[in-house]
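The values are calculated or read from the model by the stated rules, or taken from the named source; none is laboratory data. This is a predicted model, so every value here is computed, not measured. Every residue, glycine as well, gets a Cβ built from its backbone with ideal geometry; the counts of neighbours run over all protein chains shown.
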Amino acid sequence: MTNSIGIDAKLQGALWTLHTVGSKSSDWASPQDMHDTILALDQLPPLPEIAQRLLVLRGDPLCDAQKLADVISLDPNLSAQVVRWASSPFYGFRAKTVTVRDAIAIVLGFEPVFNLAFGLCSLAPMKVPVEGPLGKRFFWRQTLAGTILIQKLAQFMDSAERPPQSQLNLTYLLHNTGHMLLAHLFPAQFKYLVRLLAANPSNEVVTLERYALGTDHATLGAWLMQGWQMPKTLQDVCLHHHNPCYRGPDERRVWLVCLTDRLLGRLAIGDVGPHGEDEAMLCRNLRIDPAKAEETLARFADKMEEFEATVGSLLEA
């Protein structure tokens with residue numbers, strides 16, 4: 001329900017606090033300005049060389065663990081992050097020494113390492129605070145949890161309708177990059193949004209974004225995928241992942257991301273709160289047994305302490 005000027009009812013409690021978060025700065029950009037900035041080649045963070053090499057490697061029919069390890073090893077910091085991830089208690093691998101190749105071939109698997117490496121090096125140039133609402137810890141906490149959960153949820157789908165694992169991993173890893181881009185290219189808007197979130201903790205991020213910024217991280221992420229010339233599928237999932245009623249190309253992929261985000265919201269992970277009615281509808285659309293989704297989430301919750309340690313390992317310099 002909206003009032004006479006069309007403001008969503010869920011924002012009514014937030015309006016009175018707007019003045020407490022400070023005024024908008026003189027360098028405030030409109031949504032059109034943001035769009036133009038993102039698509040301008042001199043402003044858009046370029047896709048780093050290692051990420052480009054990984055995309056080339058993806059198209060190599062003879063690609064294997066050693067070739068992937070060779071590319072990752074070109075960046076010592078990226079190599080260390082992958083090794084720390086594989087060595088975390090979450091995966092229970094007890095060897096004293098883990099190499100990048102071990103991480104791929106023994107502990108994690110080709111697809112998880114490929115997508116983690118691509119995400120880490122793609123987003124590395126972006127200047128984003130580590131802590132706080134929408135910081136790097138917030139982003140990677142949701143991203144890593146979601147890449148684990150979405151794969152398990154997909155296994156409950158009919159095999160004929162299930163998106164390919166490689167595409168699903170990369171899709172979830174990049175679907176929230178709009179948060180990172182906002183901090184990097186539009187720090188004034190980012191700081192304003194963070195203050196607004198602190199003043200209105202009961203409101204969801206995307207709701208406040210749309211009110212305060214005139215756009216949201218889903219749209220920014222889609223523009224980034226367009227600027228990086230990523231597949232149309234990634235652009236669509238970025239744009240629609242907050243819409244559980246989406247119908248169109250790759251709708252099952254959108255629904256899977258949407259369901260994953262909502263389930264994680266029950267564990268206070270990510271930018272979406274729990275939505276029981278949405279979860280039920282999404283499970284029906286995906287033909288996933290809700291009881292299996294519940295069981296999968298519960299098993300993940302049992303390993304939260306180990307998971308938090310894994311997130312921390314990725315944020316080490």
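Give segment 284-317 a look and list any residue that's free of Cβ contacts under 8 Å to residues at least 12 places away in the same chain and outside any helix (DSSP H, G or I), or say none.
Asp302
I'm checking my understanding of the structure. Among residues of segment 220-249 that are part of a loop (DSSP other than H, G, I, E, B) and closer than 22 Å to Leu263 by Cβ, which one is nearest to the chain's Cα centre (by Cα)?
Ranking the qualifying residues of segment 220-249, first place goes to His241.
Among the residues of segment 218-237, is there at least one that is touching a Gly at 6+ places or on another chain (Cβ under 6 Å) and either within 27 Å of Asn77 (Cβ to Cβ) or not assigned by TED's automatic domain parsing to the domain that holds His184 (or both)?
Scanning segment 218-237 turns up at least one residue that is touching a Gly at 6+ places or on another chain (Cβ under 6 Å) and either within 27 Å of Asn77 (Cβ to Cβ) or not assigned by TED's automatic domain parsing to the domain that holds His184 (or both).
Could you say which residue among Val206, Val194 is surrounded by fewer than 24 Cβ atoms within 10 Å (Cβ to Cβ) and either at pLDDT below 90 or under 21 Å from Cys258 (Cβ atoms) (or both)?
None of the others qualify; the one that does is Val206.
Does Leu239 qualify as being within 19 Å of Met180 (Cβ to Cβ), crowded, with 20+ Cβ neighbours inside 10 Å and either out of contact with any strand residue (DSSP E or B) (no Cβ under 7 Å at 6 or more places or on another chain) or modelled with pLDDT of 95 or more (or both)?
Judged against the criteria, Leu239 is a match.
Quick one: in segment 250-283, of everything that is assigned to a loop (DSSP other than H, G, I, E, B) and without any contact (Cβ under 8 Å) to a residue 60 or more places away in the chain, which residue is surrounded by the fewest Cβ atoms within 10 Å (Cβ to Cβ)?
Ala268
Give me the pairs: first residue in segment 186-202 and charged (D, E, K, R), second residue assigned to a helix (DSSP H, G or I), beta-carbon distance under 9 Å, and six or more apart or on different chains, which are they?
That search, which allows pairs on different chains as well, returns Lys191/Ala183; Arg195/Thr20; Arg195/Val21.
Report, by residue number, each residue of segment 148-181 that is within 9 Å of the chain's Cα centre (by Cα) and under 26 Å from Thr296 (Cα atoms).
Thr171, Tyr172, Leu173, Leu174, His175, Asn176, Thr177
State whether one or more residues within segment 174-187 are in contact with a Cys (Cβ under 6 Å, 6 or more places away or on another chain) and of a type outside the set (D, E, K, R).
Taking every residue of segment 174-187 in turn, at least one turns out to be in contact with a Cys (Cβ under 6 Å, 6 or more places away or on another chain) and of a type outside the set (D, E, K, R).
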